[in-house]
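Each remark here refers to the structure printed beneath this line.
Only the coordinates and a few stated rules stand behind these numbers; no lab work does. Just so it is clear, the structure is predicted and the values come from calculations on it, not from any experiment. Cβ: placed from backbone, ideal geometry, glycine included. Neighbour counts: every protein chain shown.
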Amino acid sequence: MFDLKSIVRPTVLQLQPYSSARDEFEGGAEVYLDANENPYSNGLNRYPDPRQRALKGKISGLWSVPIESIFLGNGSDEAIDLLVRAFCEPGQDEILVCPPTYGMYQVTAAINNVKLKKVPLDAGFNIDEEKVIANLENPRLKLIFLCSPNNPTGNLMDAGVVGRILKKFKGMVVVDEAYVDFSPEGSLIGLLESNPNPNPNLVVLRTFSKAWGMAGLRLGAALGSTELIGIMNRIKPPYNVSELTQQKAMELLENKEEMLAKVDEMNREREILREVLLRIPGVDRVFSSSANFLLVAFKNAGFVFQSLREQGIVVRDRRKEVPNCLRISIGTPLENRRLLNQLEQLLVPNVSIH
Ligand SMILES: *Cc1c(COP(=O)(O)O)cnc(C)c1O
């Protein structure tokens, strides 16, 4: 039997959370003299709702997840940090990651003095199920971070493998779905179905920074059991999502159709880019992707990276994570054409440069 309380840090379980003025008084009043705010209105002089109820209501409808299963944070990076701090005793506990993957898991572990166990993805960038399972009996292992679609490789993780890890592990499995809006069929959100929650040790991370186009706003979500979300809410800074973020997100989330149309366009562009790249000499491999970027292996990635940069085009150098590889985000059609033109000029011998 999975028991959340047995793996949460005792400090966190015993914590008496800070109770803000907005927590202690709910409902409407005519005169607010409880929070030492400046009374003169400029639209932002009041503290935001610490529980983000209106915004969560909207998100709940969008993803068909109950409000009590939603944590909202200052980007999903905040959720990653809170998960590590909720479960991992510094200097003792461990997290497991499957590189090459998103770098923040490792950095967050390091900041919190939490050990990192690496079980690399296999040659096809899939989870090495046997090697992950070999670690599950370690009582110090509290969290497993999986990323699907994975950054920087772009592929979805196998749902069957994740399901088996969930069943065998007595700690938490975090599935980071930052890019899942580009391949919604790959989401594991369905495994969270409530009453009773069949996978109480699953946390799904989502962000509004990618498909939704709100990277500048800083809004991310963690979805999980009511009990888990309760723990995360206890340890979050009270006003972690600003009033501007809450208001603007409410407004932008109205544009779901527009988001879906842009996602379709980016997905189409990704496949065009992939096909053209594959025909360019000097391109060794273009990995298939379920996200809004492509991982590309070049014969001379350093030269390509530097030359593109000199032409004002910046891509992500991932050679330290995946040999010879650059990660290229999908831009507008115009930006993608410009990239391809530059690459052809750099790598196709008989294209003259004007
Ligand atoms: C971009 C990215 C995030 C970032 O999330 P924020 O909500 O912007 O903090 C999280 N996870 C992965 C894998 C990402 O690539």
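Here are the numbers:
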{"item": "Residue selected from region 332-351 under the condition surrounded by 15 or more Cβ atoms within 10 Å (Cβ to Cβ) and free of Cβ contacts under 8 Å to residues at least 60 places away in the same chain, by the criterion farthest from ALA291 (Cα to Cα)", "result": "GLN342"}
{"item": "One residue from GLU254, GLU227 being away from the ligand (no atom under 16 Å from the Cβ), in contact with a helix residue (DSSP H, G or I) (Cβ under 9 Å, 6 or more places away or on another chain) and closer than 24 Å to ARG85 by Cα", "result": "GLU227"}
{"item": "Residue selected from region 117-136 under the condition more than 16 Å from the ligand (Cβ to nearest atom) and of a type in the set (A, V, I, L, M, F, W, C), by the criterion farthest from the chain's Cα centre (by Cα)", "result": "ALA134"}
{"item": "Members of region 193-211 that are under 25 Å from GLU254 (Cα atoms), in contact (Cβ under 8 Å) with a residue 40 or more places away in the chain and more than 10 Å from the ligand (Cβ to nearest atom)", "result": "ALA211"}
{"item": "Region 166-192 - residue that is within 14 Å of the ligand (Cβ to nearest atom) and among the aliphatic types (A, V, I, L, M) and, of those, farthest from THR101 (Cα to Cα)", "result": "VAL180"}
{"item": "Residue tally, condition crowded, with 22+ Cβ neighbours inside 10 Å, assigned to a loop (DSSP other than H, G, I, E, B) and more than 15 Å from the ligand (Cβ to nearest atom), over region 76-107", "result": "2"}
{"item": "Among (1) within 16 Å of the ligand (Cβ to nearest atom); (2) part of a strand (DSSP E or B); (3) over 30 Å from SER20 (Cα atoms), the one test that ALA222 misses", "result": "(3)"}
{"item": "Residue that is surrounded by the fewest Cβ atoms within 10 Å (Cβ to Cβ), among those in region 57-72 that are within 16 Å of the ligand (Cβ to nearest atom) and closer than 18 Å to LEU202 by Cα", "result": "TRP63"}
{"item": "Output for region 138-179, where each listed residue is in contact (Cβ under 8 Å) with a residue 60 or more places away in the chain, aliphatic (A, V, I, L, M) and touching a strand residue (DSSP E or B) at 6+ places or on another chain (Cβ under 8 Å)", "result": "LEU143, MET172, VAL174, ALA178"}
{"item": "Hits in region 131-178 (condition: part of a loop (DSSP other than H, G, I, E, B) and over 23 Å from SER209 (Cβ atoms))", "result": "ALA134, ASN135, LEU136, GLU137, ASN138, PRO139, ARG140, ASP158, PHE169, LYS170, GLY171"}
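Yes/no matrix, rows are residues, columns are (1) in contact (Cβ under 8 Å) with a residue 24 or more places away in the chain; (2) small (Gly, Ala, Ser):
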residue: ILE7; (1), (2): yes, no
residue: ALA21; (1), (2): yes, yes
residue: GLU24; (1), (2): no, no
residue: GLY28; (1), (2): no, yes
residue: VAL31; (1), (2): no, no
residue: ASN36; (1), (2): no, no
residue: SER41; (1), (2): no, yes
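Yes/no matrix, rows are residues, columns are (1) out of contact with any strand residue (DSSP E or B) (no Cβ under 9 Å at 6 or more places or on another chain); (2) part of a helix (DSSP H, G or I); (3) closer than 22 Å to PHE125 by Cα:
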{"site": "GLU254", "(1), (2), (3)": "yes, no, no"}
{"site": "PRO281", "(1), (2), (3)": "yes, no, no"}
{"site": "ASP284", "(1), (2), (3)": "no, no, yes"}
{"site": "ALA297", "(1), (2), (3)": "no, no, yes"}
{"site": "GLN342", "(1), (2), (3)": "yes, yes, no"}
{"site": "ASN350", "(1), (2), (3)": "yes, no, no"}
